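Data first, discussion second: the structure below is written as structure tokens.
The values are calculated or read from the model by the stated rules, or taken from the named source; none is laboratory data. The structure displayed is predicted, hence computed values, not measured ones. Glycine gets a Cβ as well: all are built from the backbone with ideal geometry, and neighbour counts include every protein chain shown. Note: areas computed on protein heavy atoms with side chains; ligands, DNA, RNA excluded. Shrake-Rupley method; radii C 1.70, N 1.55, O 1.52, S 1.80 Å.
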Amino acid sequence: MKTLEKLALLATATGISFSTGCQAGTVFEDDFSKATATGSEKAGAVESAGNWQGGRGAVGVDLVTDPALGAGPSMQIHFPSNSSIYTSFDPVSLDSVGDKIEVKFRFRFPTTQASVISGLRFGLYNVEDEGKAINGAGYVMTIDPATGKGPSISFDPNTSEKTILGGSDPVPIVAFGPSTKPIGTEAHTISFILEKTNDGIHISWSLDDVPVAKGVDGNSGAATFNAFVLGLGGRADSINLDDIVVTKTP
Ligand SMILES: [Ca+2]
């Protein structure tokens, strides 16, 4: 086959694949391959695909090599208690029925976690400002990493300052789901999906592709998101984070 014919076929195939699909588009991704860190144990930030920084106060950040998370740098976060880290991106919205946002990230605890209910927490928020104490509404998911007990999903309204990922504000959607496996020091993947449907926003999350919790926010409390947030609740400890990907469909 001549080169021109090959190109014509390729163009046709490409056209078909784009015209038939509800394809997911990448909103944000970070593997820290081009990251630089400032500060370390007490306070700092990582400049990478995102600008990672403390959400409720200063956090420590380092770039580390963690073979369990693959080659190249991973971000290690040293959380004081009741702190969080976040990065922001161009806002995405769940405007129409069928709109879907999926978030995936990989992580590993360098040390075994003590049992803390709702210790590991993560979510998508609409951050209103990018100071050291962020504010905003969103959806937050939690679990006790040591036991796998009490996985939850909540809507976190923007009712007071510095309550992102914490405080008494979050409104439970799934208060305590069925226990899942404990999380040790091995590498894991968490993914969660927010999808707009006729009866609200469906939220579900999985640990290593095993469903953990799912629920519906009938009030569709949050529909626009511009930040991924992660924290350890009341526990002061470290976590290694890598390969964060946010996609939007269509
Ligand atoms: Ca990496």
### Query
In the structure shown, do any of Lys149/Lys181; Lys149/Lys214; Lys34/Lys100; Lys181/Lys248; Lys100/Lys181 have a Cα-Cα gap over 20 Å, and if so which?
Lys34/Lys100; Lys181/Lys248; Lys100/Lys181
### Message
Given R₀ = 30 Å, what would the calculated FRET efficiency be for Ser93 paired with Ser115, taking r from the Cβ atoms and rounding to 0.05?
### Response
0.20
### Query
Carbon and sulfur together cover what percent of the accessible area of region 21-249 at a 1.4 Å probe radius?
49
#### Entry: Length added when fully stretched, Thr197-Ala58, from 0.36 nm per residue minus Cα-Cα
46.3 nm
### Probe 1.4 Å, accessible area per residue of region 150-250, Å²
40
### Message
Along the Cα→Cβ direction, 7 angstrom out, place labels at Val171 and Ser81. What is the inter-label distance in nm?
### Response
3.0
### Summary
Under the 7 Å Cα-to-Cβ spin-label approximation, Thr65 and Thr185 lie apart by a distance in nanometres of 1.9
### region 180-233: C-alpha gyration tensor shape, a/c 1.5 cut-off, then a/b vs b/c
prolate
